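Everything on this sheet refers to the single structure shown next.
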Amino acid sequence: MVGASLRAALPLLAPTFLVTYGDSYLPFDYAEPLRTLDGHADCDGVMAVYKNDGRWDASNVVTDGVWVNRYEKGVRDRAFDHIDYGATALRRDAIAGSPAGQPWGLEILQHDLAARKRLRACVVRERFYEIGSPEGLAELDTHLLTRASSS
């Protein structure tokens, strides 16, 4: 589980760091969530989110454009119109308070930070591409080839 792995790596982590999904192509400025986190002491994390409306996967975020107001996996509710983009900047201290040696997922920390209003949103404008399947990889290839031919 990602959360437990981060907790195990705690001594190696910088005071702020970025966690990304390994099976996604994310066409955005990876430094933006870190800049937002470094610029706001009122949060412990910044989640990149995209207005998904359930298109590419189930939407799991409610945001006002500044804060992640709610983060839930597996809900079917129209209020959830954004999706976790696959990149979250975190403070090392947010991980330090987690249980050591026990498996837990990053979504538990993200849910908790949102519930305590400690998770800001970084709204991105370009969709993500899931590349953990042959279909997703083919879709990204098509996108990149189309983009290259129009340049």
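Bear in mind that the values in this text are calculations on the coordinates, not laboratory data. All values derive from a computational prediction rather than experimental measurement. Don't worry about glycine lacking a Cβ; one is built from the backbone with ideal geometry, like all the others, and counts go over all protein chains shown.
Shown here are the Rg and Dmax of the Cα trace of region 2-149, at 15.5, 50 Å.
Between the alpha-carbon centres of region 115-136 and region 1-21 there is a gap of 18 Å. In plain terms, the chain from Ala79 to Asp53 could stretch by 8.4 nm, reckoned as 0.36 nm per residue minus the Cα-Cα distance.
Please arrange Thr16, Thr142, Thr88, Thr63 by counting, for each residue, the other beta carbons lying within 10 Å of its beta carbon, fewest first.
Result, fewest neighbours first: Thr142, Thr16, Thr63, Thr88.
Legend: calculated FRET efficiency, Met1 to Ala115, from the Cβ-Cβ distance at R0 = 30 Å, rounded to 0.05, equals 0.95. Look at where the Cα atoms of region 69-87 and of region 94-108 average out, and the two centres are 21 Å apart.
Per DSSP H run of at least 4 residues, take -39500 (n - 2.57); add these up for the chain, divide by its residues and hand me the 222 nm value, nearest 500 deg cm²/dmol. Before the final figure, lay out the partial values.
Details: 5 runs with 47 residues, N = 151.
Result for the chain, helices only: -9000 deg cm²/dmol.
Here the simple spin-label model places points 7 Å from the Cα toward Cβ, and for Leu12 and Ser133 these points are separated by 3.1 nm.
List residues of region 1-36, by number, whose backbone nitrogen lies under 20 Å from a label position 7 Å along Cα→C-beta of Asp93. Those under the cut-off are 6-19, 33-36. Computing FRET efficiency as 1/(1 + (r/R0)^6) for Thr146 and Ser24, where r is the C-beta to C-beta distance and R0 is 25 Å, gives about 0.85.
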